[in-house]
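The values are calculated or read from the model by the stated rules, or taken from the named source; none is laboratory data. Every value quoted in this text rests on a predicted model; they were computed, and no experiment measured them. All Cβ positions, glycine included, derive from the backbone under ideal geometry; neighbour counts span all protein chains shown.
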Amino acid sequence: MKSYQVPSPGKSLELVEHQTPEPQGAEVLVKTIACGVCHSDVHIHSGAFDLGGGNELPVPVPNPFTLGHEIFGEVVAMGSDATKVNIGDRRIVYPWIGCGECDVCNSGEEHLCNSGPVIGVMQPGGFGDHVIVPDSKYLHDAGDTPDHLAGSYACSGLTAYSALKKGAPYTSNNSLIIIGVGGVGMMGLQIAKAAFNCNPIVIDVDEDKLKLALENGAIAAINPTDEDAMMKVFEITGGNASVAIDFVGSELSTGFGINLLRKGGKYIIVGLYGGELKLPLPLIPIMERGIQGSYTGSPGDMHELMELVRSGKVDPIPVEKRPASEANQTLEDLKNGKILGRAALMHD
Ligand SMILES: [Zn+2]
Ligand SMILES: [Zn+2]
């Protein structure tokens, strides 16, 4: 098999040919058809998250390692104990796998487990043309979803859905603000319409992304670098926005976004851009605002989301197809904000 591997953190990906693994026990071998490239791939590739103040959080990945957690592929082999799947099935891979033994995993929140074999982080991912999946329970039918889009539901779609659930219900369109409409934010917009009957206000510094969001049903699109940006949001919401979901997670986005909420509003941070959040302490009780993190989504969230996707209710986000050989360039383009929606690497 072939993999585009990271030799060590921050170094360019290299094409490596190696033995295709044989699935054991309940394992399933999936031949990768397409793998979405996510902004977290950029961070994982760099080897660290920016904690602000000159501090970094290292990502504990093996060396070398194979990125890619938005995998769509075909089942080509399985271990003797694998059930509920057949050779030739085409499936989305749920990558946020936990240890399966701790209290967190047993509560159904495998994605929050501290020591899981997450695919595309701790285990080789979809930048390789074959991927081992520990159990068929992590495979999902994509319905009529096009090949190059399907994998995106395992991270961008799931992450957006799980964050939206934390803020629900949305009583009016004016109640939800989406900050950052890259791949995950665009999914947030589409899923807000499909699952929560809400057309959000979107905020982004990129005019092309704002235009795309308006074409896809946002009720308003605001560029925070405009002088009167904050006033424009207040005019639309009457100061009553109850939820803002921040798909950027930078000092600039949080600094702008958190002040848009009404008293008692909820600020949900999803993006991993990095930095620090500084808040005047008295405003925390006075405004009674909640700040919550949201990280990918649980296996249960994935089942709910895929039901919604298979029913045809979620409008697609734009996904650009690229050959897997362009993995390095794609990471670079994503880092520089040059991709509208998503880019997916296509394997032969
Ligand atoms: Zn991701
Ligand atoms: Zn666990």
Tally, over the range 309-334, of residues that are touching a helix residue (DSSP H, G or I) at 6+ places or on another chain (Cβ under 6 Å), in a helix (DSSP H, G or I) and either in the same structural domain as Ile191 (by TED's automatic domain parsing) or over 20 Å from Ala213 (Cα atoms) (or both): 1
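Restricting the range 300-310 to residues that are away from ligand 1 (no atom under 16 Å from the Cβ) and in contact (Cβ under 8 Å) with a residue 40 or more places away in the chain, which is farthest from Ala142 (Cα to Cα)?
Gly300
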Some residue of the range 99-112 being within 30 Å of Leu212 (Cβ to Cβ), of a type in the set (A, V, I, L, M, F, W, C) and outside the structural domain of Ala241 (by TED's automatic domain parsing): no
Entirely in the range 89-157, the strands (runs of 3 or more DSSP E) that have 2 or more residues that are crowded, with 19+ Cβ neighbours inside 10 Å and in contact with an Asp or Glu (Cβ under 7 Å, 6 or more places away or on another chain): 130-133
Given (1) exposed (fewer than 14 other Cβ atoms within 10 Å of the Cβ); (2) among the charged types (D, E, K, R); (3) under 21 Å from Asn336 (Cα atoms); (4) touching a residue at least 24 places away in the same chain (Cβ under 8 Å), index of the condition Lys11 fails: (4)
Number of positions in the range 55-80 that are buried (at least 17 other Cβ atoms within 10 Å of the Cβ) and either at pLDDT 95 or above or part of a strand (DSSP E or B) (or both): 13
Residue in the range 35-48 that is more than 18 Å from Glu332 (Cβ to Cβ), more than 16 Å from ligand 1 (Cβ to nearest atom) and part of a strand (DSSP E or B) present: no
Count of residues meeting criterion [over 19 Å from Leu189 (Cβ atoms), within 29 Å of the chain's Cα centre (by Cα) and not charged (D, E, K, R)] in the range 218-238: 3
Flag if Glu320 is more than 21 Å from Val181 (Cα to Cα) and acidic (Asp, Glu): no
Filter pass, Gly157 being under 15 Å from the mean Cα position of the chain (by Cα) and modelled with pLDDT under 95: no
Residue count, the range 277-303 (criterion: within 25 Å of Cys155 (Cβ to Cβ) and outside any helix (DSSP H, G or I)): 10
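Would the range 185-199 turn up any residue that is assigned to a strand (DSSP E or B) and either under 19 Å from Ser156 (Cβ atoms) or of a type outside the set (D, E, K, R) (or both)? Lay out the reasoning, then the answer.
Taking the range 185-199 and keeping what is assigned to a strand (DSSP E or B), we get none.
Looking for residues that are assigned to a strand (DSSP E or B) and either under 19 Å from Ser156 (Cβ atoms) or of a type outside the set (D, E, K, R) (or both), one finds none in the range 185-199, hence no.
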Any hit, the range 115-138, residues being more than 16 Å from ligand 2 (Cβ to nearest atom), farther than 29 Å from Leu15 by Cβ and at pLDDT 95 or above: yes
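Answer yes or no: is there a residue in the range 247-265 that is at negative phi, among the small types (Gly, Ala, Ser), in the same structural domain as Tyr170 (by TED's automatic domain parsing) and in a loop (DSSP other than H, G, I, E, B).
Filtering the range 247-265 for residues at negative phi gives 247-248, 250-263, 265.
Of the ones still in play, those that are also among the small types (Gly, Ala, Ser) are 250, 253, 255, 257, 265.
Among the residues that remain, those that are also in the same structural domain as Tyr170 (by TED's automatic domain parsing) are: 250, 253, 255, 257, 265.
Keeping just the survivors that are in a loop (DSSP other than H, G, I, E, B) gives none.
Looking through the range 247-265, none of the residues is at negative phi, among the small types (Gly, Ala, Ser), in the same structural domain as Tyr170 (by TED's automatic domain parsing) and in a loop (DSSP other than H, G, I, E, B).
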